[in-house]
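Notes to accompany the following structure.
Only the coordinates and a few stated rules stand behind these numbers; no lab work does. Only a predicted model underlies this, so the values are computations on that prediction, with no experimental measurement involved. For neighbour counting, all protein chains shown are included, and Cβ atoms are generated from backbone atoms with ideal geometry for every residue, glycine included.
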Amino acid sequence: MVSHSLLKDIFDRDGFVIVENLVPKNQVVDLQEACARVVAKTRAGQWPHRRVVGKQFPPYDSDYPDSWGVQHLMHPDLSEPAFAKWYASDVLAGAVRALLDCGEENLQMELFNLLINPMSHKFALRWHRDDVREDATEEEEVQALSAWHHGIQWNTALYEDSCLFVVPGSHITPRTLEQCAHSESLDAPKDPMEMPGVLKVILKPGQTVFYNNNILHCAIYSPDAQRATLHASMGDTRGGSSRARNVLQHGLRWMRESCFRDTLPEGRAKDMLERLLIMESGFGADGKVQYSLSA
C-alpha cells in the first residue's frame, strides 16, 4: 500500500493523485445499486436536480432531456443512505485528511454528485479551472492559485472511466500562451489531447482520483460507455469562506433542513454539516448565489 505521505507529495506536485481501495468491498454493490436507482429516476424525469447536456456549469436550468450528471446524492428525497454512509466513512475521511494535511475537526461537508453517461448525445466540458475564469490575466491566475489550498475534489469510478483530462502541475502555475489559446474559449475542445502537457486519466472500477479543482482540466461524455462516477468534495475549515462561491453555487439550501440532518449517520457526517452551515452563514450579506464560470 502506498503511504499517505507519498500520496500527498504526488498530489502537491501534480495537482492530482490516484488512490486505490476507498470503496470497501461490502459497499460496492450498495453504491452501484443506489446509483442505478437515482439515474433511473433522473432519466425518467422524477429527479429535477441534474446536470443537463448543453450546460457545462451551474446554474443547470435547461429543460434539455439528456443528462450528464445527478446532483445532491445525499438529499433526503432520494432516500439513498448508502451515499452518506460512504461519504462519512473512515477510509475516505482518512485519505482526505492526509491530502489536506488537516485534522478531523477541520473536515467540512461540501458536494456529493454523480457523473453519468448521456443517453444519446456526446457532450464535453471545455478546458477550465473550477473557480478561475477563462479570461483571467496571468496576475489574477497567480493570485487565485496561491489561495486555493483548503479543499479537495475527487472522482471515484464504479465502472471504468476515461473521461477526465488534466494538465499536471497547472494547479500552481498560470497558463502558457499556448495553453491560453486552448482554454480562453467557451467551446469544448475537439481533441483534448491537443492541449500542451495534457494527461488522460483512466480509472479502473474502485479507483479514485483526487484533484485540486483549479487544475486545468476538461472532460468528454459519451453515450457509448456506462458511467457512474461518484463526484464529491470536502473542505478544510482553515480556509474560512475561500471555497464558498464554488460550493454554494450548486444550491445547498436543502442541507439546512432538519430532515436532511436527521438522515445522516451520527458523528462525523453531522459534524461536517455543521461546519458547512457555519461557512454558509458567514458568506455574503445579500444571500445571492454567485457563479464561478460562464456556462
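What the table below lists for this structure:
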quantity	calculated
Rounded, prolate or oblate (a/c below 1.5 giving rounded, otherwise prolate when a/b exceeds b/c) for the range 132-219 by Cα gyration tensor	oblate
Low-density loop positions, GluC sites (Glu not before Pro), the range 139-187 - DSSP coil, at most 11 other Cβ in 10 Å	none
Net +/- balance of residues flanking residue 103 in space, Cβ distance below 10 Å, scoring K and R +1, D and E -1	-2
Relative packing of 163-174, 195-206, which averages over residues the other C-beta atoms within 10 Å, highest first	163-174, 195-206
Environment charge at residue 208 (Cβ cut-off 11 Å; Lys +1, Arg +1, Asp -1, Glu -1)	-1
Net charge contributed by nearby residues that have their C-beta within less than 12 Å of residue 267 (K/R +1, D/E -1)	-2
Prolate/oblate/rounded label for the range 1-51 (Cα gyration tensor, a/c 1.5)	oblate
